[in-house]
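Comments concern the structure below.
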Amino acid sequence: LDRYAPRGNVQDVVVKWSGDWPHPAQYSVKGSFTNLGLNAAGRIPGFAGVSGNIDGTERGGTLSLNNQKAAVDLPRVFRDKLAFDTLSAQVGWQRNGEQFDLKLNTISFSNPDFTGSVSGTYHTTPDGPGVIDLTGNMTRAEARSVGRYIPLQVGERARQWLANSLLAGMSNDVKLRLKGNLADFPFADGRNGVFQVTAQVTGGMLDYAAGWPIIENIEGGLTFRGKSMDLAVRDASILGAKLARVRAELPDLATPNRVLTVS
């Protein structure tokens with residue numbers, strides 16, 4: 001209890017089990033909850049301000065969420081907690097031996113950085129982070145916030161560069177595709193899976209290197225694919241001069257000695 005520090009309120013809860021706890025042969029739980037919170041511990045993520053209802057047994061079940069001002073803590077994936085002004089989800093799970101298959105029906109979310117939704121499936125594995133198949137779309141995203149949503153596997157220096165270099169920009173067309181065993185993330189060269197984020201950016205500003213002039217008024221496409229980043233600019237300006245057909249490529253976000261090419 002000290003480690004997980006559960007908090008919040010539960011209503012109309014019915015729990016049944018037979019066998020020895022904490023590994024009963026049969027169990028069921030049904031009820032609703034408001035402002036539920038739990039600290040992250042081990043492989044279990046943390047969360048706060050979560051409201052919804054649950055209906056499950058040892059074979060599977062469903063979870064519905066409908067939240068205002070919720071937060072999710074995934075310390076093995078993201079450096080910071082993910083905060084949401086709104087978060088709604090429909091999740092189903094099924095037990096398969098000692099592993100679980102999760103179906104993520106439309107999960108919708110919004111905060112000051114983005115508005116969007118994701119859906120897909122996730123399967124736990126006995127010896128790794130699991131296998132995922134996720135598709136997402138965002139109708140609003142701030143380019144300057146990209147750095148805080150890049151997974152820890154990318155590396156501190158690359159995440160810091162993204163946080164410091166993408167100074168401005170807005171997109172109303174962002175697409176996410178993530179598929180494969182997460183042990184192989186970010187699927188360099190498309191091997192064993194897919195990790196791709198594409199965004200059409202307007203009003204962008206890129207401070208790509210200290211002491212060099214900032215590229216402003218960027219209109220173009222930003223793509224993260226595997227370990228690489230590619231910014232293809234249709235229009236921009238630098239020191240007041242108009243630019244066209246500019247390209248900024250970072251082939252390997254993970255390497256300590258990464259090289260950015262701007263042409």
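Over 28 Å apart at the Cα level, from the set LYS81/LYS103; LYS30/LYS103; LYS179/LYS242; LYS81/LYS242, are LYS179/LYS242; LYS81/LYS242.
The Rg/Rh ratio for the range 19-85 is 1.04, where Rg is the radius of gyration of the alpha carbons and Rh is the Kirkwood radius. Residues in the range 105-263 average 51 Å² of solvent-accessible surface per residue, probe 1.4 Å, ligands and nucleic acids excluded. Distant-in-sequence amide contacts of PHE78, defined by a placed amide H-H separation under 5 Å and a gap of 5 or more residues or a different chain, comprise LEU152. GNM remark for the chain: springs join alpha carbons under 10 Å apart, and the peak mean-square fluctuation among TRP21, TRP212, TRP161 falls on TRP21.
So how strong a dipole does the range 12-74 carry about its Cα centre when Lys and Arg Cβ are +1 and Asp and Glu Cβ are -1, to the nearest 20 debye?
On the way: 5 positive and 5 negative charges, 17 e Å.
For this selection, approximately 80 debye.
In order along the range 103-111, the phi-based Karplus estimate (6.51 cos²θ - 1.76 cosθ + 1.60, θ = phi - 60°) of 3J(HN,Hα) comes to 10, 9, 6, 3, 10, 10, 8, 7, 8 Hz; Gly and Pro are listed as x. Taking amide H positions as modeled 1.01 Å from N, with prolines and chain starts lacking one, the residues under 5 Å from TYR208 and 5 or more places away or on another chain are ILE215. To the nearest ten degrees, helix 156-165 and the longest principal axis of the Cα atoms of the chain are 60 degrees apart. With Cα atoms defining each centre, the range 120-195 and the range 34-110 are spaced 19 Å apart in the structure. Annotation: for a label point projected 7 angstrom from Cα along Cα→Cβ of ALA5, residues of the range 38-52 with backbone N closer than 13 Å are 38-41, 46-49. Have a look at LEU82, LEU104, LEU239 and tell me which one the Gaussian network model of the chain (Cα, springs below 10 Å) gives the largest fluctuation. Residue with maximal mean-square fluctuation among LEU82, LEU104, LEU239: LEU239.
A helix-only calculation puts the chain at -1000 deg cm²/dmol for mean residue ellipticity at 222 nm, using -39500 (n - 2.57) for each DSSP H run of at least four residues, averaged over all residues.
Solvent-accessible area of the range 87-164 (1.4 angstrom probe, protein heavy atoms only): carbon and sulfur portion equals 53 percent.
Taking 8 Å as the Cα distance limit and 6 or more residues as the minimum spacing, I'd like the relative contact order of the chain as a percentage.
9 percent
Ordered from highest to lowest accessible area with the whole protein assembly present and a 1.4 Å probe, LYS242, LYS227, LYS103 read as LYS242, LYS103, LYS227.
So how do PHE33, PHE100 rank on accessible area, 1.4 Å probe, biggest first, that is with the largest at the start?
PHE100, PHE33
Amide H contacts for LEU36 (H built 1.01 Å from N in the peptide plane; partners 5 or more residues away or on another chain; cut-off under 5 Å): ASN9, GLY49, VAL50, SER51.
A Cβ-based charge dipole, computed about the Cα centre of the chain with Lys and Arg at +1 and Asp and Glu at -1, lands at about 140 debye.
The values are calculated or read from the model by the stated rules, or taken from the named source; none is laboratory data. Please read these numbers as outputs of a predicted model, since none were measured by experiment. Please note: Cβ atoms are built from the backbone with ideal geometry, for glycine as well, and neighbour counts cover all protein chains shown. The accessibility values were calculated without ligands, DNA or RNA, using every heavy atom of the protein model including side chains. Shrake-Rupley method; radii C 1.70, N 1.55, O 1.52, S 1.80 Å.
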